[in-house]
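Data block below; observations after.
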Amino acid sequence: MRIHCAHPDDVATLLTFREEAAAWLTRLGTDQWQRPYPADRLLAAIEAGTVFMVADGNVTAATITLTADAEDGLWTEKELSEPSRFINKLTVARSHAGQNLGGRLLDWARDRAYRDGAMWLRLDAWTSNDALQRYYLQHGFTHVRTVRAGGAVNGGPRVSGWLAQRLTSPADHGFDDMTEAA
């Protein structure tokens, strides 16, 4: 399998990918990702070079966004002063579930963040998705805190405020890495 940068013509594929993941999450009983993701925001992230795709032959097996930019209102000023990379929208195709592809992507992100000079690999996860939180803890992340207020539509509770981090380091992820360090 190879990992490469997403291209603008991948927007439709990635939006469909997210819709499939949202349907799967619904079957699991979580409300995560039930709102459609704006295509213009995805295109902007692709054009910024922060969206990556894993290909298994000609099939998109997974995607991850890795950025230097944190979502507003989650991390403290001190934390933001520490060199970090932030994971978003990690998604694995159901056809490739159970193969540790997500774990390998987390290792790739840890390695990529390390090569980019970051000390921390950070993420925010859905506050009500306990299984997802356990998944990240099992993959070496440490829970920092849960932010429950602010940032949500109509002043409601934040839905993606479970914060976790792990130190970066070189990692053997096993992908044929077609990306270039930022």
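Considering the range 17-61 alone, what residues qualify as being in a loop (DSSP other than H, G, I, E, B) and either in contact with a Lys or Arg (Cβ under 7 Å, 6 or more places away or on another chain) or at pLDDT 75 or above (or both)?
In the first step, residues of the range 17-61 are kept if they are in a loop (DSSP other than H, G, I, E, B); the result is 28-38, 48-50, 57-58.
Selection gives 33, 37, 48, 49, 50, 57, 58.
Could you tell me which of the residues 135, 114 is in a helix (DSSP H, G or I) and either at pLDDT 95 or above or buried (at least 19 other Cβ atoms within 10 Å of the Cβ) (or both)?
Working: 135 fails: either at pLDDT 95 or above or buried (at least 19 other Cβ atoms within 10 Å of the Cβ) (or both).
Result: 114 is the single residue among 135, 114 that is in a helix (DSSP H, G or I) and either at pLDDT 95 or above or buried (at least 19 other Cβ atoms within 10 Å of the Cβ) (or both).
If we keep just the residues of the range 81-90 that are surrounded by fewer than 21 Cβ atoms within 10 Å (Cβ to Cβ) and modelled with pLDDT under 95, which is farthest from residue 166 (Cα to Cα)? Explain how you work it out, then say what you get.
Within the range 81-90, the subset surrounded by fewer than 21 Cβ atoms within 10 Å (Cβ to Cβ) is 81-83, 88-89.
If we keep only those that are modelled with pLDDT under 95 as well, we get 88-89.
Numbers: 88: 15, 89: 17 Å.
If we take residues in the range 81-90 being surrounded by fewer than 21 Cβ atoms within 10 Å (Cβ to Cβ) and modelled with pLDDT under 95, then 89 is farthest from residue 166 (Cα to Cα).
Can you name the number of the only condition in (1) buried (at least 20 other Cβ atoms within 10 Å of the Cβ); (2) modelled with pLDDT under 85; (3) not in a helix (DSSP H, G or I) that residue 14 fails?
Tallying (1) buried (at least 20 other Cβ atoms within 10 Å of the Cβ); (2) modelled with pLDDT under 85; (3) not in a helix (DSSP H, G or I), residue 14 fails exactly one: (3).
The values are calculated or read from the model by the stated rules, or taken from the named source; none is laboratory data. For clarity, every value in this text was computed on a predicted model and none was experimentally measured. Here Cβ is always computed from backbone atoms with ideal geometry, including for glycine, and neighbour counts include all displayed protein chains.
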